[in-house]
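What follows is calculated from the coordinates using simple rules that are stated; it is not laboratory data. Note that this is a predicted model, so its numbers are computed, not measured. As a convention, Cβ positions derive from the backbone with ideal geometry for all residues, glycine included, and neighbour counts pool all protein chains shown.
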Ligand SMILES: Nc1ncnc2c1ncn2[C@@H]1O[C@H](COP(=O)(O)OP(=O)(O)O)[C@@H](O)[C@H]1O
Ligand SMILES: [Mg+2]
């Protein structure tokens, strides 16, 4: 089966005042379609760097990353932006919703980059918000929603273009235990029932336990899965 993500020899070096930081150090990784991978590791171990390279937001110093059959770094930037909109949904710790827009308007944003009619956009937005259980909150602004609800709006925004790969960077890092459970069950359902591929960055073992498998980054290197501890 063609992997959803295939990284080979990925490295990212930063040089600051003669000091070298290997944010990623020769990382190779295959993520098959339908995988739910938790990527763990301490702060500064390169987790966000890996997601950003996979999304074509950041450039590796060496190595390649093929996502959904495309060499991410080989694409021209305009092509890559269009590809990212259709292929990747990104979910962040602090939701990154626009505070002045309603839930429905926030979810609609990625669709404005696609050739869709107003009516088609409205239908996709309604379907995405229904999927995350927020059909009754379409016209609420982020401030009128709980943290867990805001994150579910962000999940709807990540899904609305029918992206196949969801990159989640500590999505439960700002949530209470109940909201964390809700968001993790939602991600699990997106994998099991909707065929999504999820890469979940977290240092929370409770969140990671919902994934199908767990890998760990340490100082930019991928190390063996640690099933017993975080
Ligand atoms: N723009 C940058 N310039 C210099 N160093 C950076 C930059 N971005 C990240 N780093 C360094 O790269 C390492 C990995 O960062 P990051 O991927 O954000 O880690 P994590 O997400 O695991 O906390 C860290 O040591 C960080 O300080
Ligand atoms: Mg990070």
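Which angle from 0 to 90°, rounded to the nearest 10, does the C-alpha axis of helix 77-87 make with the longest principal axis of the chain?
The helix 77-87 is inclined about 60 degrees to the chain.
At 0.36 nm per residue, minus the direct Cα-Cα distance, what do residue 1 and residue 96 gain on full extension? Give it in nm, one decimal, please.
Value of the extension gain: 30.8 nm.
Suppose R0 equals 35 Å; then what is the FRET efficiency for residue 212 and residue 62 from their Cβ-Cβ distance, rounded to the nearest 0.05? Present the calculation step by step, with values, prior to reporting the outcome.
Numbers: r = 29 Å, r/R0 = 0.83.
Using R0 = 35 Å, I get an efficiency of 0.75.
Percent relative contact order of region 1-56, based on C-alpha pairs within less than 8 angstrom and at least six residues apart?
34 percent
Note down the relative contact order for region 129-222 as a percent, whole number, built from C-alpha pairs under 8 angstrom at least six residues apart.
Across region 129-222, relative contact order equals 26 percent.
Calculate how steeply helix 147-159 sits against the longest principal axis of the alpha-carbon atoms of the chain, using the helix alpha-carbon long axis, and give the answer as 0 to 90 degrees to the nearest 10.
Helix 147-159 and the main axis of the chain meet at about 80 degrees.
Taking the simple approach of a point 7 Å from Cα along Cα-to-Cβ for both residue 136 and residue 77, what is their distance in nm?
Output for this residue pair reads 4.6 nm.
Points 7 angstrom from Cα along the Cβ direction at residue 85 and residue 116: gap in nanometres?
So the two model labels end up 1.1 nm from each other.
Explain nothing, just the number: relative contact order of region 5-223, from Cα pairs under 8 Å at least 6 residues apart, as a whole percent.
This gives 31 percent for region 5-223.
With a/c under 1.5 counting as rounded, go ahead and sort region 5-223 into rounded, prolate or oblate using the C-alpha gyration tensor (a ≥ b ≥ c being the square roots of the eigenvalues; past the cut-off, prolate if a/b is larger than b/c, else oblate).
Since a/c reaches 1.5 and a/b is larger than b/c, the shape of region 5-223 is classed as prolate.
Within the chain, what percent of beta bridges assigned by DSSP are antiparallel, to the nearest 5?
Here the antiparallel bridges make up roughly 50 percent for the chain.
What is the angle, in °, between the Cα long axis of helix 177-194 and the longest principal axis of the Cα atoms in the chain? Nearest 10 is fine, range 0 to 90.
90 degrees
With a 10 Å cut-off between alpha carbons and a GNM built on the chain, which of 163, 82, 23 moves the most?
Comparing 163, 82, 23 in a Gaussian network model of the chain, the most mobile one is 82.
Rounded to whole Å, give me the distance from the Cα center of region 107-148 to that of region 50-94.
24 Å
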